[in-house]
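The values are calculated or read from the model by the stated rules, or taken from the named source; none is laboratory data. Since the model is a prediction, treat every value here as computed from it, not as a measurement. Here Cβ is always computed from backbone atoms with ideal geometry, including for glycine, and neighbour counts include all displayed protein chains. Accessible surface is based on the protein model in full, side chains and every heavy atom, while ligands, DNA and RNA are left aside. Shrake-Rupley method; radii C 1.70, N 1.55, O 1.52, S 1.80 Å.
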Amino acid sequence: MISQTLRELLSTTFADLKKKEREKFEDLIGDYDLASSGFSMDHPGFFARFESLKSGVIDELIKHKVGGYYFLPSVYPGEARDGYVALLREATFVPRNLAMLIAEGLEQSRFEKDAALSTTNCLSFSRDDFAMPISQIPSPEIEHLLQSFSLMFGRIGLDDPDPELVSVLRQRIPNRAGVTK
């Protein structure tokens with residue numbers, strides 16, 4: 001627990017800071033005050049305060065450099081390219097029979113009547129009363145999306161490598177390549 005506020009610490013303990021260091025400390029205090037006051041992305045000044053962070057995250061998302069997320073310029077044909085982000089770590093299993101019904105266009109009333117379907121917990125009709133595919137991601141984007149997904153979960157179901165084998169190979173391989181340890 002802090003017995004002095006950060007501003008008090010700045011004026012007492014860190015009173016001899018250079019001007020540039022003092023300004024940086026004051027900025028950090030301001031960030032701390034915003035964060036501790038429940039400041040969220042909904043706050044009108046959030047993106048203005050963290051403009052460089054926002055720009056960096058957007059750039060990295062668009063360039064597919066953020067693991068677990070995949071940027072799609074649009075999902076509806078002819079739609080403005082406002083951008084969507086797929087959350088690859090939130091993949092949901094959809095039973096084959098339910099997926100086939102969705103592909104044909106599944107009405108909420110039919111879904112709710114069939115107990116086998118409605119207890120799967122992988123479909124929600126909270127926004128509309130009709131479930132259907134909303135888009136078809138074109139090539140090569142679909143292949144890139146699938147590649148990104150598979151790289152993230154590429155070792156599912158595989159045992160960890162044998163530690164003894166790893167140790168032996170670490171010792172052997174550098175010597176074969178003429179590299180010393």
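Observations, loosely collected:
- Taken over region 102-111, the criterion of being loosely packed, with under 13 Cβ neighbours inside 10 Å and touching a Phe, Trp or Tyr at 6+ places or on another chain (Cβ under 8 Å) is satisfied by Gly105 alone.
- Selection from region 133-169 of residues that are open to solvent by 100 Å² or more (accessible area, probe 1.4 Å) and in a loop (DSSP other than H, G, I, E, B): Gln136, Arg155, Ile156, Leu158, Asp159, Asp160
- Here Ser124 meets each of (1) surrounded by 12 or more Cβ atoms within 10 Å (Cβ to Cβ); (2) free of Cβ contacts under 8 Å to residues at least 60 places away in the same chain; (3) of a type outside the set (Lys, Arg) with one exception, condition (1).
- Being at pLDDT below 75, under 30 Å from Val85 (Cβ atoms) and not in a loop (DSSP other than H, G, I, E, B) holds for only one residue in Leu34, Leu61, and it is Leu34.
- Taking region 112-121 as the range and being open to solvent by 90 Å² or more (accessible area, probe 1.4 Å) and touching a helix residue (DSSP H, G or I) at 6+ places or on another chain (Cβ under 7 Å) as the test, only Glu112 passes.
- Within region 67-101, the set of residues being more than 16 Å from Ser135 (Cα to Cα), open to solvent by 40 Å² or more (accessible area, probe 1.4 Å) and modelled with pLDDT under 90 comprises Gly67, Leu87, Arg89, Glu90, Ala91, Thr92, Phe93, Val94, Arg96, Asn97.
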